[in-house]
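Chemist: Below are the structure tokens for one structure; questions will follow.
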Amino acid sequence: MADLSRRSLLRGMGGIGVTGALAAMTGCGVPPAYVEAADREAPDRSARERKLVFANWPLYIDVDDHDPQRRPTLDAFQKRTGISVTYTEEINDNDEFFGKISPALMNHQATGRDLVVISDWMCARYVRLGWVETMDRAAQPNVARYLDPLLRDPHFDPGRTHSVPWQSGITGIAYNRKKLGREIKHTSDLWKDDLRGRVTLLSGMDEAFAMLLQGNGVDITRWTAADFHRMIDQVRALVHKGHIRRFTGNDYIKDLDSGDVLAAQAYSGDVIQLKADNPDIEFVVPEEGAELWAESMMIPNLAAHKRNAERLIDYYYQPEVAAELAAWVNYVCPVPAAREVLASSKDKEQAQLAADPLIFPDGAIRKRLAIARDVTAKERPEFAKAWNGIVGL
């Protein structure tokens with residue numbers, strides 16, 4: 001089990017940065033950096049070169065308890081297939097990694113990576129720019145069979161032809177029920193007087209906005225600019241009256257743990273760790289809904305080992321493998337069938353994970369989850385400016 005949440009590392013904050021500059025450059029027409037479908041694939045060397053390069057985030061794969069250099073599921077794949085995997089933990093921030101590989105992609109050059117894991121809001125940009133290859137789903141029967149229906153059809157990638165979730169999660173509300181002395185069921189419960197100055201929101205626009213829109217009754221699969229600006233006005237007013245203590249990255253974890261903050265916009269995967277240390281911490285999916293997000297595997301243009309990468313993706317969609325990974329990382333598993341694997345485990349701790357709604361959301365929670373429509377390139381500069389203006393107050 002990881003001692004530190006993977007999301008406790010630096011995250012992309014949804015600002016202008018490298019990606020915003022690119023968005024501004026591209027405007028609303030066909031972007032200059034766009035790559036046509038015919039120019040995305042290179043001759044595949046998978047058959048004669050039994051290898052691939054896989055770039056992921058730190059702390060995002062199972063590790064042997066006694067040897068941190070061993071990754072049991074990945075080691076098993078290599079032994080089973082004879083494909084050698086160069087696994088790098090080089091993604092610490094979505095924007096930073098975008099800046100690292102974008103010069104190659106926009107200039108029709110290989111990145112040196114066959115598989116990358118990116119947050120879905122950023123995946124939308126890669127797909128929109130034509131920077132990732134279309135996967136051969138016929139060669140991925142496990143993905144076709146076992147991928148969670150809730151994750152199959154995001155706005156940015158209908159049918160998931162360019163991306164496959166690695167892990168998923170929920171952006172909801174964490175709170176100290178004992179110290180607050182009441183339940184939180186609705187997003188609007190955050191704005192009650194007893195939480196004035198004791199509540200935090202996430203600082204990243206892409207991480208924060210969807211749940212706030214849902215709290216206003218908005219369908220986040222088709223939200224509008226008017227919906228966004230209405231939410232911005234609401235949050236700005238809450239900041240000016242001192243109701244929102246501050247905007248955070250993952251440092252809300254220590255604020256909640258210390259009691260300085262009683263409620264925080266939070267990630268489901270973090271709260272599993274928080275609850276283990278402090279059982280008074282609760283996580284709630286608001287009645288109005290919460291965002292189901294994913295960080296997804298994609299194959300960058302001109303990857304040299306596309307077929308090998310597709311085999312690795314499909315391997316992780318075997319329920320037994322997905323269960324082993326979920327038991328270690330503790331995020332929402334994108335393979336619901338893995339639940340039965342864990343439930344039948346002779347290991348008591350693993351069997352208990354099958355009943356954890358933060359890893360396998362139950363039917364009542366699933367009805368309240370949705371994947372947000374992504375912020376378009378045209379919208380991003382205006383919306384990021386408005387959001388960052390509030391975060392900086």
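Chemist: Check whether at least one residue in segment 66-83 is assigned by TED's automatic domain parsing to the domain that holds E320, surrounded by 14 or more Cβ atoms within 10 Å (Cβ to Cβ), over 22 Å from S296 (Cα atoms) and touching a Ser or Thr at 6+ places or on another chain (Cβ under 8 Å), and report yes or no.
Modeler: no
Chemist: Could you tell me how many of the residues in segment 335-393 are of a type in the set (A, V, I, L, M, F, W, C) and either loosely packed, with under 15 Cβ neighbours inside 10 Å or not in a loop (DSSP other than H, G, I, E, B) (or both)? Lay out the reasoning, then the answer.
Modeler: The initial filter retains those residues of segment 335-393 that are of a type in the set (A, V, I, L, M, F, W, C), namely 335, 337-338, 341-343, 351, 353-355, 358-360, 364-365, 369-372, 375, 377, 383-384, 386-387, 390-391, 393.
Add one more test, that the residue is either loosely packed, with under 15 Cβ neighbours inside 10 Å or not in a loop (DSSP other than H, G, I, E, B) (or both), and what stays is 338, 341-343, 351, 353, 355, 364-365, 369-370, 383-384, 386-387, 390-391, 393.
Matching residues across segment 335-393 total 18.
Chemist: Which residues, taken from segment 268-294, are under 16 Å from L190 (Cβ atoms) and among the aromatic types (F, W, Y)?
Modeler: The one that is under 16 Å from L190 (Cβ atoms) and among the aromatic types (F, W, Y): F283.
Chemist: Quickly run through segment 232-288 and pick out the residues that are closer than 27 Å to K367 by Cα, hydrophobic (A, V, I, L, M, F, W, C), at pLDDT 95 or above and in a helix (DSSP H, G or I).
Modeler: I232, V235
Chemist: For segment 142-189, what are the residues that are outside any strand (DSSP E or B), assigned by TED's automatic domain parsing to the domain that holds S258 and over 21 Å from R366 (Cβ atoms)?
Modeler: Start the filter on segment 142-189 by keeping residues that are outside any strand (DSSP E or B), which leaves 142-163, 177-189.
This time we only want the ones that are assigned by TED's automatic domain parsing to the domain that holds S258, so: 177-189.
Those that are outside any strand (DSSP E or B), assigned by TED's automatic domain parsing to the domain that holds S258 and over 21 Å from R366 (Cβ atoms): R177, K178, K179, L180, G181, R182, S188, D189.
Chemist: Just give me the residues in segment 143-161 being in contact with a Phe, Trp or Tyr (Cβ under 9 Å, 6 or more places away or on another chain) and either of a type in the set (D, E, K, R) or under 11 Å from E310 (Cβ atoms) (or both), in sequence order.
Modeler: Residues of segment 143-161 that are in contact with a Phe, Trp or Tyr (Cβ under 9 Å, 6 or more places away or on another chain), as a first pass: 143-147, 156.
Across segment 143-161, the qualifying residues are V143, R145.
Chemist: Criterion first (over 23 Å from R368 (Cα atoms) and either assigned by TED's automatic domain parsing to the domain that holds T187 or modelled with pLDDT of 95 or more (or both)) does L325 satisfy it? Talk me through it step by step, then tell me what you get.
Modeler: Numbers: over 23 Å from R368 (Cα atoms): yes; either assigned by TED's automatic domain parsing to the domain that holds T187 or modelled with pLDDT of 95 or more (or both): yes.
Answer is yes for this residue.
Chemist: If only one of I91, I118 is modelled with pLDDT of 95 or more, of a type in the set (V, I, T), part of a loop (DSSP other than H, G, I, E, B) and crowded, with 21+ Cβ neighbours inside 10 Å, which one is it?
Modeler: Values: I118 fails: part of a loop (DSSP other than H, G, I, E, B).
The conditions single out I91.
The values are calculated or read from the model by the stated rules, or taken from the named source; none is laboratory data. Keep in mind that what you see is a predicted model, and the values were worked out from it rather than measured. Cβ sites come from the backbone with ideal geometry, for glycine too, and all protein chains shown count toward neighbours.
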